[in-house]
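Data block below; observations after.
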Amino acid sequence: MAEDNSYESILCVKPEVHVYRIPPRASNRGYRAADWKLDQPAWTGRMKITAKGKMAFIKMEDKITGELFAQAPVDQYPGSAVEAVTDSSRYFVIRIEDGNGRHAFIGLGFADRGDSFDFNVALQDHFKWVKQEGELAKMEATQSAAPKLDLSFKEGQTIKISIGNIKKKDASLAKPRPVAGGLLPPPPGVKAGGVIPMLQSPQAATPTDTNTVPVFDDGSTNSDVWGDFTSAGSNSSKDVVQTGWVQFS
């Protein structure tokens, strides 16, 4: 992410803060707010925390006109630019600069404990973001310096893909296709497209009798085809079965 130094964002605004003149540090154990004249602040106004790039700025401004009273640039937190006192969570010691190389330490106090908490969190969040951006930049620089792996195909190179567990269908197991028109397949022994011979009923067949003579006489023969009724009546039942005639009485 590119750093834009021309853009200044606002991190926190508190409408009322108090500025105190503090005595020199007596020992290395830290500052104590009880040593200040807390009921006699040197200045009261509005506080604003802004960020420009990696830097944060604590600005004290007039509540009505917005005129800048003092400014403390912060390059890290916690650090020498902002230090909490040892006996209270509502007071801090900050280092202000005038832009000409001169600096001074002043006491900063909040009337409400929640305002001091917001002041602390705003600075912590900003420098946490700065740290993450720095780690990301280092990672990108390391990746760009490392040789890139070339996975492109060179001229003449090919790739072979093997797909297993695919079985071909057995042609002998293929199901027969149905005959067009929805008809059943021909019975065994008959070729497809052939004609099935019709079975002839024994009753429908007409036997050829070589001994059959015409019923009517055309005058060409003198034989009596009717025979003698008297003699026919005297014939046995055997004759009736052979000739197929029914005997009349």
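The values are calculated or read from the model by the stated rules, or taken from the named source; none is laboratory data. On a predicted model such as this, the values are computed, not experimentally measured, just so you know. Quick reminder, even Gly has a Cβ in these numbers, built from the backbone with ideal geometry, and neighbours come from all protein chains shown. With ligands, DNA and RNA removed, areas are computed over all heavy atoms of the protein, side chains included. Shrake-Rupley method; radii C 1.70, N 1.55, O 1.52, S 1.80 Å.
So for each of 73-79, 106-112, 135-141, 28-34 I average, over its residues, the number of other beta carbons within 10 Å; can you give me the resulting order with the highest mean first? Working shown, then result.
Details: 73-79: 15.3, 106-112: 18.6, 135-141: 10.3, 28-34: 13.3.
By packing density, highest mean first, the sequence is 106-112, 73-79, 28-34, 135-141.
Beyond 31 Å between alpha-carbons counts as too far, so tell me which of Lys63/Lys138; Lys48/Lys128; Lys14/Lys128; Lys14/Lys54; Lys59/Lys128 fall in that bin.
Beyond 31 Å between Cα atoms: Lys63/Lys138.
Can you tell me which of 62-71, 154-163, 91-100 comes out highest on packing, and rank the rest after it, using the mean Cβ neighbours within 10 Å?
91-100, 62-71, 154-163
Residue separation times 0.36 nm, minus the C-alpha to C-alpha distance between Arg32 and Asp112: what's the value?
Gain on extension, Arg32 to Asp112, equals 27.0 nm.
Report, in whole Å, the centroid distance computed from the Cα atoms of the range 8-50 and the range 113-161.
About 38 Å separates the Cα centre of the range 8-50 from the one of the range 113-161.
Quote the accessible area belonging to Val121 in square angstrom, nearest 10, computed with a 1.4 Å probe and with ligands, DNA and RNA left uncounted.
40
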